[in-house]
Amino acid sequence: GQSAAGAAIDRLVGMHPAAVELAGIAARGGQNLSQWLAQEAERHGGAAKADRLVGGLHVVPEFLGNRAPLANPDARGLIAGLDMATGADSLVALYIAGLCGLGYGARQILAAMHGRGIKIDTIAISGGAGQSPLVRQLIADSTGKVVYAPTSPEPVLLGSAMLGAVAAGRHSDLRAAMAAMSEVGEVYSPNAALAACHDGRFAAFERLQAAALSVLAV
């Protein structure tokens, strides 16, 4: 549901007091800040320890509005549970909370589709942040759906090539082109041990989202 999800996460972590210092450390190691934060999160247990790492932080990362399922360009971001911490651990927590927020937005879309008879059990993930194993697992855990990554490093360009192949008559239709030209890479299943945690956090996400929308209406 979040347009420009990567930009939303960049905006979120960029507001933290330690962002500039840690971005410099990341750059010296040949990484951007999000990559460095993902590495730090993995070092402390990764998605399997998300409930402990994120603490009481909750993020609705709708800095650019909600694209779906609310279709509300006036929606705005919200952070709840802030304390006085300014170190790297608190930035890792904010990063994970933001990624979970993106997952809960996707979960809302899936719920809306399910309510209209469209049942989805698998999510294909690609693109910038989607290349991170941490992000893939967090999306699986926060949505409760299996996530898979394609083997192609440029899946968007591959999709264009599929359209071209169909237009050129190399394949009869897009379904045939997809079967011939793409394949599933790594698969990430939701962690059942964290299902209750993410159910609770998703409920909190929707309450916070509704509160933000009600404040905008004042």
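Can you find a residue that is surrounded by fewer than 16 Cβ atoms within 10 Å (Cβ to Cβ), out of contact with any Phe, Trp or Tyr (no Cβ under 6 Å at 6 or more places or on another chain) and not β-branched (V, I, T) anywhere in the range 91-111? Lay out the reasoning, then the answer.
Start the filter on the range 91-111 by keeping residues that are surrounded by fewer than 16 Cβ atoms within 10 Å (Cβ to Cβ), which leaves 111.
From what is left, the residues that are out of contact with any Phe, Trp or Tyr (no Cβ under 6 Å at 6 or more places or on another chain) are 111.
From what is left, the residues that are not β-branched (V, I, T) are 111.
Yes: the range 91-111 contains one or more residues that are surrounded by fewer than 16 Cβ atoms within 10 Å (Cβ to Cβ), out of contact with any Phe, Trp or Tyr (no Cβ under 6 Å at 6 or more places or on another chain) and not β-branched (V, I, T).
Has the range 70-77 got any residue that is more than 14 Å from Y104 (Cβ to Cβ) and among the charged types (D, E, K, R)? Steps first, answer last, please.
Of the residues in the range 70-77, the ones more than 14 Å from Y104 (Cβ to Cβ) are 71-74, 76.
Within this subset, residues satisfying the condition of being among the charged types (D, E, K, R) are 74, 76.
The answer is yes; a qualifying residue exists.
Going residue by residue through the range 19-29, is there one that turns out to be outside any loop (DSSP other than H, G, I, E, B) and either within 15 Å of the chain's Cα centre (by Cα) or closer than 16 Å to A212 by Cα (or both)?
Within the range 19-29, the subset outside any loop (DSSP other than H, G, I, E, B) is 19-28.
Okay, now just the ones that are also either within 15 Å of the chain's Cα centre (by Cα) or closer than 16 Å to A212 by Cα (or both), so none.
The answer is no, given that none of the residues of the range 19-29 is outside any loop (DSSP other than H, G, I, E, B) and either within 15 Å of the chain's Cα centre (by Cα) or closer than 16 Å to A212 by Cα (or both).
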Name the residues in the range 1-18 that are outside any helix (DSSP H, G or I) and either in contact with a helix residue (DSSP H, G or I) (Cβ under 8 Å, 6 or more places away or on another chain) or at pLDDT 95 or above (or both), would you?
G1, Q2, M15, H16, P17, A18
Every residue in the range 141-162 that is surrounded by 12 or more Cβ atoms within 10 Å (Cβ to Cβ) and assigned to a helix (DSSP H, G or I), please.
D141, S142, T143, P155, L158, G159, A161, M162
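Would you pick out the residues in the range 120-140 that are of a type in the set (V, I, T) and either more than 10 Å from the chain's Cα centre (by Cα) or in a helix (DSSP H, G or I) (or both)? Step through it out loud before you land on a result.
The initial filter retains those residues of the range 120-140 that are of a type in the set (V, I, T), namely 120, 122-123, 125, 135, 139.
Selection gives I120, T122, I123, V135, I139.
The values are calculated or read from the model by the stated rules, or taken from the named source; none is laboratory data. Keep in mind that this is a model prediction, so the values were computed, not measured. Virtual Cβ from ideal backbone geometry, glycine too; neighbours counted across all protein chains shown.
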